[in-house]
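Student: Pasting a structure here, questions to come.
The values are calculated or read from the model by the stated rules, or taken from the named source; none is laboratory data. A quick note: this is a predicted structure, and the numbers were derived from the prediction, not measured. Glycine also receives a Cβ, built like all others from the backbone with ideal geometry; neighbour counts cover every protein chain displayed.
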Amino acid sequence: MKETLISAEYIYKGKIVTLRKEQVLTSHGITATREIIEHAPAVVIIPMMDKDTIIMVRQYRRAVDQIFLELPAGLINLKEEPLEAAKRELVEETGFLAAKWTFLTSAYASPGFCDELMHFYLAEKLTLTTTCPDEDEVIVTKKMNFQALLKLITNGQMQDSKTIIGALLAKQHESNASF
């Protein structure tokens, strides 16, 4: 099943993504073209005030020209550990610090064409501090009933995959432990 790389060329190198075009030999002996996006790894934070209240962020996403209600998330800086990135991103985007952190899982965003690996963390025992979003981010923090978020997911009204995954992981964690 594995493919053999024949050649690769970089089409675009940006600040967040790099696009490369590869020629590969498939396991069936066919030469094929693959377009691959290289993307820095990211963290997704599920900030729970208590078992009934989750902290969400609302922000505009240019790629789909929509405002999304989603979990706080962000890129991991070079040489930064995922947990440290999660702590930094939680403060930057929500203004909250968490006294308790639980790693839930890691998952690829869209492995058919992108190598972005997302690390999911449950953040609990939150205390409010000050937000400090990146200069190009306009983020609104929103407290939300956790069951209402789960209902948005089951009704098909939530379209952000990292939020769906994170909320379902938190629900599973809640079933196995108490907040």
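Student: Answer yes if at least one residue in the range 4-13 is in contact with a His (Cβ under 9 Å, 6 or more places away or on another chain) and more than 18 Å from Leu104 (Cα to Cα), and no otherwise.
Tutor: Within the range 4-13, none of the residues are in contact with a His (Cβ under 9 Å, 6 or more places away or on another chain) and more than 18 Å from Leu104 (Cα to Cα).
Student: Could you count how many residues in the range 62-106 are over 19 Å from Pro41 (Cβ atoms) and either of a type outside the set (A, V, I, L, M, F, W, C) or part of a strand (DSSP E or B) (or both)?
Tutor: The number of residues fulfilling the criteria is 13.
So that you can scan it fast, the table gives a plain yes or no per residue for (1) in contact with a helix residue (DSSP H, G or I) (Cβ under 7 Å, 6 or more places away or on another chain); (2) farther than 16 Å from Leu126 by Cβ; (3) crowded, with 16+ Cβ neighbours inside 10 Å; (4) not assigned by TED's automatic domain parsing to the domain that holds Ala170:
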site	(1), (2), (3), (4)
Met49	no, no, yes, no
Arg58	no, yes, no, no
Pro72	yes, no, yes, no
Asn77	yes, yes, no, no
Lys87	no, no, yes, no
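Student: Looking at the range 127-156, which of the residues that are more than 20 Å from the chain's Cα centre (by Cα) and modelled with pLDDT under 95 is nearest to Asp52 (Cα to Cα)?
Tutor: Here the answer is Leu128.
Student: Residue by residue through the range 14-25, note down the ones that are out of contact with any His (no Cβ under 8 Å at 6 or more places or on another chain) and modelled with pLDDT under 95.
Tutor: Across the range 14-25, the qualifying residues are Gly14, Lys15.
Student: With Phe68, Phe113 as the choices, which residue is touching a residue at least 40 places away in the same chain (Cβ under 8 Å), closer than 22 Å to Ile139 by Cα and either among the aromatic types (Phe, Trp, Tyr) or not assigned by TED's automatic domain parsing to the domain that holds Val140 (or both)?
Tutor: One residue alone meets the criteria, Phe68.
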